[in-house]
1. Yes or no: E54 under 28 Å from N4 (Cα atoms), surrounded by fewer than 11 Cβ atoms within 10 Å (Cβ to Cβ) and at pLDDT 95 or above?
2. Looking at (1) exposed (fewer than 13 other Cβ atoms within 10 Å of the Cβ); (2) not in a loop (DSSP other than H, G, I, E, B), which is the one condition that is false for K72?
3. Does any residue in the stretch 87-99 that is within 19 Å of V113 (Cα to Cα) come within less than 8 Å, Cβ to Cβ, of a residue that is of a type in the set (D, E, K, R) and surrounded by 12 or more Cβ atoms within 10 Å (Cβ to Cβ) six or more places away or on a different chain, and which pairs are these?
4. Do the conditions hold for A15, that is, is it farther than 20 Å from P122 by Cβ and part of a strand (DSSP E or B)?
5. Considering only residues of the stretch 29-51 that are among the hydrophobic types (A, V, I, L, M, F, W, C) and modelled with pLDDT under 95, which is nearest to L94 (Cα to Cα)?
6. How do the pairs read when you match residues in the stretch 52-77 that are closer than 18 Å to I24 by Cβ with residues anywhere that are among the small types (G, A, S) and assigned to a strand (DSSP E or B), using Cβ under 6 Å and keeping only pairs 6 or more apart or on different chains?
7. Considering only the stretch 84-99, I want to know if a residue exists there that is surrounded by 14 or more Cβ atoms within 10 Å (Cβ to Cβ) and in contact with a Pro (Cβ under 7 Å, 6 or more places away or on another chain).
8. Determine whether the stretch 83-90 contains at least one residue that is in contact with a strand residue (DSSP E or B) (Cβ under 9 Å, 6 or more places away or on another chain) and closer than 17 Å to I24 by Cα.
Amino acid sequence: MSCNLTRVFIKTVDAVFKTFSDFIVSGDVVLPASGYNTVTGQTTGTETVYPIAEIIFIDYELSKIDGQIIRKLDKNALFRVSEITPAVTDEMLLRVDSVDWDIINIEKYPSDVLYNIQVRRP
């Protein structure tokens, strides 16, 4: 009898999302336009948007806020790695309710099933 740990982690993450259903929002991971026109001062090109159906979007526990690494208004965003094809980087943004958040810190666990992302308003 073999045990597929990734499948166990996926089922555990699914249970977490059911438990925190009151905190689930949808949003987008956005790769901003990369060009810049020095004459107009405007960005050029188009942004790339990756929709995320379920994001657990919560405040940090007070005990984790240190004012340096984690600030008072930072948020914690959790979503399944399977929801997005490219790897999430800190060059991307998280857009929730038409508000853009800078991606500050990115972790993937367990077994690369769940993104745990620290975001901050620019």
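The values are calculated or read from the model by the stated rules, or taken from the named source; none is laboratory data. Just so it is clear, the structure is predicted and the values come from calculations on it, not from any experiment. Methodologically, a virtual Cβ is constructed for each residue, glycine included, from the backbone with ideal geometry; neighbour enumeration extends over all protein chains shown.
1. Details: under 28 Å from N4 (Cα atoms): yes; surrounded by fewer than 11 Cβ atoms within 10 Å (Cβ to Cβ): no; at pLDDT 95 or above: yes.
No: the conditions fail for E54.
2. Of (1) exposed (fewer than 13 other Cβ atoms within 10 Å of the Cβ); (2) not in a loop (DSSP other than H, G, I, E, B), only one is false for K72: (2).
3. From the stretch 87-99, the pairs are D90/D102; L94/D28; L94/D100.
4. Working: farther than 20 Å from P122 by Cβ: yes; part of a strand (DSSP E or B): no.
The answer is no for A15.
5. Going residue by residue through the stretch 29-51, those that are among the hydrophobic types (A, V, I, L, M, F, W, C) are 29-31, 33, 39, 49.
Applying the additional criterion that residues be modelled with pLDDT under 95 yields 31, 33, 39.
Values: L31: 9, A33: 14, V39: 29 Å.
My answer is L31.
6. I52/G27; A53/S26; I55/G27; I55/A77; F57/A77
7. The initial filter retains those residues of the stretch 84-99 that are surrounded by 14 or more Cβ atoms within 10 Å (Cβ to Cβ), namely 84, 88, 92-96.
Within this subset, residues satisfying the condition of being in contact with a Pro (Cβ under 7 Å, 6 or more places away or on another chain) are 93.
Yes.
8. Our first condition is that a residue be in contact with a strand residue (DSSP E or B) (Cβ under 9 Å, 6 or more places away or on another chain); within the stretch 83-90, this holds for 83-90.
Those left that are additionally closer than 17 Å to I24 by Cα: 83-84.
The answer is yes, given that some residue of the stretch 83-90 is in contact with a strand residue (DSSP E or B) (Cβ under 9 Å, 6 or more places away or on another chain) and closer than 17 Å to I24 by Cα.
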